[in-house]
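Let me begin by presenting the structure, written as structure tokens, before commenting on it.
The values are calculated or read from the model by the stated rules, or taken from the named source; none is laboratory data. None of the values given here were measured: they were computed from a predicted structure. Here the Cβ is made from the backbone with ideal geometry for all residues, glycine too, and neighbour counts use every protein chain on show.
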Amino acid sequence: MIKKNRIFKILLKKLEKINNFNIKLSYYVSVFLIFSIVFLMLTQVILRRFGSSISYSEELARWFLIFVCFISSFSALVKGVHIGITILVKRLPKPIRKIIIIFNNIIVIIFFIYVFWYGLIVAIKAWDQSGGIILIPMFYAKMGIPLGAFMMIIYLFYNTLIFLMDYRNNEPDNFLLSRIEEEELE
């Protein structure tokens, strides 16, 4: 029993390190890509004003936007700002809320495994495709889908394990995937 607890704690430590790395990575990549999109589009507008343009700017901005969408979804999941309807769950007794949260996390993990798998297949199939203007494989643009899904799987797995570790004492509302309240939006 003691050896199992030790292995479990080592697993949690590794998952925590991976999650912390993923959080930083998603933040920096998202910020870089968003600034790149703004810079490309602003440059494009200015150059068009002077009768010139960058032929690849719109396509590259679109590729960056695809990547940002899935990477930033991970950041939103970690912060608990994805849209969710939690009013019903929050009115249930704590023991039932805890079961629903575990069940919900398992369903969402299965969904993201599906997204990861088929996103990877789509990305691999896109290796032979290139953009209309940019002659780089579409694989790179589409890899944002499985990468974002993989990051979310790891986070959800870690979050669920933390919740299960101290099941009796954990406050279930802290583990809802959507934790933002209406008052915080105003």
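Among all residues of the range 111-120, there is none that is over 15 Å from residue 149 (Cβ atoms) and out of contact with any helix residue (DSSP H, G or I) (no Cβ under 6 Å at 6 or more places or on another chain). Would you mind stating whether residue 99 is more than 30 Å from residue 138 (Cα to Cα), surrounded by fewer than 16 Cβ atoms within 10 Å (Cβ to Cβ), over 14 Å from the mean Cα position of the chain (by Cα) and not basic (Lys, Arg)? In short, yes. Using beta carbons and a limit of 7 Å, which pairs, at least six apart or on different chains, have the first residue in the range 155-176 and over 11 Å from residue 98 (Cβ atoms) and the second one of a type in the set (D, E, K, R) and modelled with pLDDT of 65 or more? Every condition considered, the pairs that remain are 158/16.
Within the range 45-57, being in a helix (DSSP H, G or I) and either in contact with a strand residue (DSSP E or B) (Cβ under 9 Å, 6 or more places away or on another chain) or of a type in the set (A, V, I, L, M) (or both) holds for 45, 46, 47. Go through (1) of a type outside the set (A, V, I, L, M); (2) touching a Pro at 6+ places or on another chain (Cβ under 8 Å); (3) not in a helix (DSSP H, G or I) for residue 132 and report which single condition fails. That leaves (2) as the condition not met. When residues in the range 27-84 are screened for being acidic (Asp, Glu) and within 11 Å of the chain's Cα centre (by Cα), 0 of them pass. One residue alone among 120, 25, 42, 60 is part of a helix (DSSP H, G or I) and surrounded by fewer than 12 Cβ atoms within 10 Å (Cβ to Cβ), and that residue is 42. Is it true that residue 77 is hydrophobic (A, V, I, L, M, F, W, C), over 23 Å from residue 157 (Cβ atoms) and in a helix (DSSP H, G or I)? Spelling it out, it is not the case that residue 77 is hydrophobic (A, V, I, L, M, F, W, C), over 23 Å from residue 157 (Cβ atoms) and in a helix (DSSP H, G or I). Across the range 13-58, the number of residues qualifying as among the aliphatic types (A, V, I, L, M) and modelled with pLDDT under 85 comes to 1. When the range 101-146 is filtered for residues that are touching a residue at least 60 places away in the same chain (Cβ under 8 Å) and farther than 23 Å from residue 58 by Cα, the ones remaining, listed by number, are 101, 102, 104, 105, 108.
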